[in-house]
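Report on one structure; see the data block that follows.
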Amino acid sequence: MIQRRTLLKSLPLAAAGMAGAGALASCGSSGGGGGSAGEGGTLTWMSMLHTPTTPEASGPIMTALKEHSGVDFEFQWVPDASKEEKINAALASGALADINTLNQGMAAVREPLKSGMFWDVEPFLSEFPNLASINPTIIESARLDGVLYGVPFQKPLARYGVLVRQDWLDRLGLEVPHTLEDLLEVAQAFVDGDPTGTGAQVTGFIDRQESFAVGFRSLAGYFGAGDKFQLDDSGKIVPACTTEPWKEAMEWYRGAFERGLVNQEFVTVQKQNQQQAIAQDKGGIVVTGLFEAKNYMALAESINADTEVEWALINDMTYADVPRRIVSDTAGGMGGLMTFNSQSLKSEDDLKRALTLIDKLLDEPAFQLMTNGVEGTHFEKDADGAIEVIDQPLWEQQVQPYNSSRPSDLVEIYKSTNPYVNEANEKMAENDEYVVTNPAQSLTSATYDTQWATIEKALNDSYNTFMVGQTTMEDYEAAIEAVRSQGLDDIIAEYTEAYEAVN
């Protein structure tokens, strides 16, 4: 028999139990705090709420989900804004639900996951058809030091690409670029030409202050840099931002900046200002999620209902002789864990009942309920089979709260009435074949938990000063050397040791 992991005696369960139960009960729970479904009772699920109000426990979606799954369960809703406080309180007290939505990326969660409070579920997944078919890349991303302490929420592996103004390309007689070399030529043509047809001066790339962690990180991936961390040629786990491909990408991007092909103030631009600049035709290239095309179109249409704006969505960008690749922007498709309380779900039968629920929620009918609602009440399909919400307020009240509790976003890709949504969904799915994930994500480094934020900020600051021409690549390399003694070398050593232990 597979044994559940024993709860560490050091956890302050008895002393803080009542406080933790009270914390959960006050979160808009549809039932009481804590889990108690070990004897076949109502399963409780602590889940995040991203909407202002909770749905009715006796509403049409919950009623239909219970009927489809054949399992009696209820949600204990935790407002997303206060999730860290509530989760920490529940973990400290041990007053957890039977199923708990946790983010293993939170440092405060990683030790409790390994403490014995939760089942190692991997040995059981093969018994359930939907759980057995979870993408191995997502499973690998969800493990913690080689152990799977819950069922991962499944997300697209990589959503990023390059968006280019198609109407500008057409006006200038240019083809859609598919290499960075061609993209640079397009950026130059946007600056030198008159892509708007108004004579207004524009730039190429529109970037923002998170460039180092977001847009540029994706660009560097085309050069061969990894997803935050990577395995180097010597077998060490190192930060991608210290590698030669990353530095080569920095030189390339700075060259574009110096030629006026990147908005010159990007290191101070916030996301909303970036969006406004795009809507105001100030630039025509954005490295971002492919799904953003529909949002940029909505902005353009809000300014001019008869706008001529069009976007080209590019997911196959390459550089030189580097094979096609795209770094994950979704933690390897892992959107958190559904963990299973080993104290309330005491036997394997108890655990399997909870896993049955999750497996059933991965069926298309359940996914439909949690995504679109009930046909004829919340949505209908048009002549082309596209989904149209027919009562937006009712959908927001009765259906939307369940969106973030779907065990997977990938069960079915519904056709949209928006062509940009359909194209983005298709191209994000194509990214799966070329995705590059972070090998350190599932590993533990105590120094990373305490020092990485400081180290990353120092390197981010050095990146910014380099990009705007205030410093040199030698200065960036000196910044790397400076943080080695501040924990970088320890992080590399700890991650490398952890990697070798599970591989």
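Read through the list (1) modelled with pLDDT of 95 or more; (2) open to solvent by 30 Å² or more (accessible area, probe 1.4 Å); (3) of a type in the set (A, V, I, L, M), then give the number of the only condition that Ala498 fails.
(2)
Any residue that is buried (at least 17 other Cβ atoms within 10 Å of the Cβ), touching a Gly at 6+ places or on another chain (Cβ under 8 Å) and hydrophobic (A, V, I, L, M, F, W, C) - is there at least one of those in the stretch 62-74?
The answer is no, given that none of the residues of the stretch 62-74 is buried (at least 17 other Cβ atoms within 10 Å of the Cβ), touching a Gly at 6+ places or on another chain (Cβ under 8 Å) and hydrophobic (A, V, I, L, M, F, W, C).
Consider only pairs whose beta carbons are under 8 Å apart and that are at least six residues apart or on different chains; among these, list those whose first residue lies in the stretch 367-394 and is over 19 Å from Val411 (Cβ atoms) and open to solvent by 30 Å² or more (accessible area, probe 1.4 Å) and whose second residue is in a helix (DSSP H, G or I) and at pLDDT 95 or above.
If the second residue must be in a helix (DSSP H, G or I) and at pLDDT 95 or above, the pairs left are Thr377/Pro60; Thr377/Leu394.
Given the structure, is Thr465 under 30 Å from Gly146 (Cα atoms), surrounded by 14 or more Cβ atoms within 10 Å (Cβ to Cβ) and either touching a residue at least 24 places away in the same chain (Cβ under 8 Å) or β-branched (Val, Ile, Thr) (or both)? Reasoning before the result, please.
Numbers: under 30 Å from Gly146 (Cα atoms): no; surrounded by 14 or more Cβ atoms within 10 Å (Cβ to Cβ): yes; either touching a residue at least 24 places away in the same chain (Cβ under 8 Å) or β-branched (Val, Ile, Thr) (or both): yes.
So Thr465 does not fit the description; no.
For the stretch 276-292, give me each residue that is more than 23 Å from Gln188 (Cβ to Cβ) and modelled with pLDDT of 95 or more.
Those that are more than 23 Å from Gln188 (Cβ to Cβ) and modelled with pLDDT of 95 or more: Gly289, Leu290, Phe291, Glu292.
What do you reckon, is Val267 in contact (Cβ under 8 Å) with a residue 12 or more places away in the chain, β-branched (Val, Ile, Thr) and touching a Gly at 6+ places or on another chain (Cβ under 7 Å)?
For Val267, the condition - in contact (Cβ under 8 Å) with a residue 12 or more places away in the chain, β-branched (Val, Ile, Thr) and touching a Gly at 6+ places or on another chain (Cβ under 7 Å) - is not met.
Does Glu308 count as among the acidic types (Asp, Glu), open to solvent by 10 Å² or more (accessible area, probe 1.4 Å), touching a residue at least 12 places away in the same chain (Cβ under 8 Å) and in a helix (DSSP H, G or I)?
Values: among the acidic types (Asp, Glu): yes; open to solvent by 10 Å² or more (accessible area, probe 1.4 Å): yes; touching a residue at least 12 places away in the same chain (Cβ under 8 Å): yes; in a helix (DSSP H, G or I): no.
Taking the combined requirement at face value, the residue does not satisfy it.
Just need a number here: residues in the stretch 410-425 that are farther than 27 Å from Glu310 by Cβ and open to solvent by less than 60 Å² (accessible area, probe 1.4 Å). Walk me through it before giving the result.
At the first step, the residues of the stretch 410-425 found to be farther than 27 Å from Glu310 by Cβ are 410-412.
If we keep only those that are open to solvent by less than 60 Å² (accessible area, probe 1.4 Å) as well, we get 411.
The number of residues fulfilling the criteria is 1.
Answer yes or no: is there a residue in the stretch 58-76 that is more than 23 Å from the chain's Cα centre (by Cα), more than 22 Å from Thr377 (Cβ to Cβ) and of a type in the set (Ser, Thr, Tyr).
Checked against the condition, which is being more than 23 Å from the chain's Cα centre (by Cα), more than 22 Å from Thr377 (Cβ to Cβ) and of a type in the set (Ser, Thr, Tyr), the stretch 58-76 yields no hits at all.
Being hydroxyl-bearing (Ser, Thr, Tyr), open to solvent by 60 Å² or more (accessible area, probe 1.4 Å), modelled with pLDDT of 95 or more and within 22 Å of Glu210 (Cβ to Cβ) is the requirement here; does Thr454 meet it?
In short, yes.
Find the residue count for the stretch 277-301, including only residues that are in a helix (DSSP H, G or I) and in contact (Cβ under 8 Å) with a residue 12 or more places away in the chain.
Result for the stretch 277-301: 11.
Looking only at the stretch 426-449, count how many residues are free of Cβ contacts under 8 Å to residues at least 60 places away in the same chain and open to solvent by less than 40 Å² (accessible area, probe 1.4 Å).
So the answer is 2.
Could we say that Lys457 is among the charged types (D, E, K, R) and in contact with a Gly (Cβ under 7 Å, 6 or more places away or on another chain) here?
For Lys457, the condition - among the charged types (D, E, K, R) and in contact with a Gly (Cβ under 7 Å, 6 or more places away or on another chain) - is not met.
Could you give me the residue pairs with C-beta distances under 8 Å whose first residue belongs to the stretch 140-156 and is closer than 9 Å to Gln104 by Cβ, whose second residue is part of a strand (DSSP E or B) and among the hydroxyl-bearing types (Ser, Thr, Tyr) wherever it lies, and which are 6+ apart or on separate chains?
These pairs meet every condition: Tyr149/Thr339; Gly150/Thr339.
Which members of the stretch 115-129 meet the condition of being buried (at least 16 other Cβ atoms within 10 Å of the Cβ) and either modelled with pLDDT under 95 or more than 26 Å from Glu364 (Cβ to Cβ) (or both)? Reasoning before the result, please.
Kept after step one, since they are buried (at least 16 other Cβ atoms within 10 Å of the Cβ), are these residues of the stretch 115-129: 115-122, 124-125, 128.
Ser115, Gly116, Met117, Phe118, Trp119, Asp120, listed by residue number.
State the number of residues belonging to the stretch 412-421 that are among the hydrophobic types (A, V, I, L, M, F, W, C) and part of a loop (DSSP other than H, G, I, E, B). Talk me through it step by step, then tell me what you get.
Filtering the stretch 412-421 down to residues among the hydrophobic types (A, V, I, L, M, F, W, C) leaves 413, 421.
Next cut, part of a loop (DSSP other than H, G, I, E, B) only: 413.
Residues that pass the stated criteria total 1.
With respect to Val109, is the statement that it is of a type in the set (Val, Ile, Thr), touching a helix residue (DSSP H, G or I) at 6+ places or on another chain (Cβ under 9 Å), surrounded by 15 or more Cβ atoms within 10 Å (Cβ to Cβ) and part of a strand (DSSP E or B) true? Break it down into steps so the answer makes sense when it comes.
Values: of a type in the set (Val, Ile, Thr): yes; touching a helix residue (DSSP H, G or I) at 6+ places or on another chain (Cβ under 9 Å): yes; surrounded by 15 or more Cβ atoms within 10 Å (Cβ to Cβ): yes; part of a strand (DSSP E or B): no.
Considered against the rule, which asks whether it is of a type in the set (Val, Ile, Thr), touching a helix residue (DSSP H, G or I) at 6+ places or on another chain (Cβ under 9 Å), surrounded by 15 or more Cβ atoms within 10 Å (Cβ to Cβ) and part of a strand (DSSP E or B), Val109 comes out as no.
Taking helices (runs of 4 or more DSSP H) that fall entirely within the stretch 330-411, which contain at least 3 residues that are over 22 Å from Leu290 (Cβ atoms) and of a type in the set (A, V, I, L, M, F, W, C)?
On the way: elements: 348-361, 364-371, 392-398.
In the stretch 330-411, 348-361, 364-371 are the helices (runs of 4 or more DSSP H) which contain 3 or more residues that are over 22 Å from Leu290 (Cβ atoms) and of a type in the set (A, V, I, L, M, F, W, C).
Show the residue pairs meeting these rules: Cβ distance below 9 Å; 6+ apart or different chains; first residue within the stretch 61-73 and touching a residue at least 60 places away in the same chain (Cβ under 8 Å) and aromatic (Phe, Trp, Tyr); second residue in a helix (DSSP H, G or I) and open to solvent by 10 Å² or more (accessible area, probe 1.4 Å).
Here the result reads Phe73/Lys66, each pair linking the stretch 61-73 to a residue that is in a helix (DSSP H, G or I) and open to solvent by 10 Å² or more (accessible area, probe 1.4 Å).
What helices (runs of 4 or more DSSP H), lying completely within the stretch 422-503, carry at least 2 residues that are farther than 27 Å from Arg254 by Cβ? Before you say what the answer is, go through the steps one by one.
Details: elements: 446-467, 473-483, 489-502.
Qualifying helices (runs of 4 or more DSSP H): 446-467, 489-502.
The values are calculated or read from the model by the stated rules, or taken from the named source; none is laboratory data. A quick note: this is a predicted structure, and the numbers were derived from the prediction, not measured. Positions of Cβ are generated from backbone atoms using ideal geometry, with glycine treated the same way; all protein chains shown enter the neighbour counts. Ligands, DNA and RNA are excluded from the accessible area calculation, which covers all protein heavy atoms including side chains. Shrake-Rupley method; radii C 1.70, N 1.55, O 1.52, S 1.80 Å.
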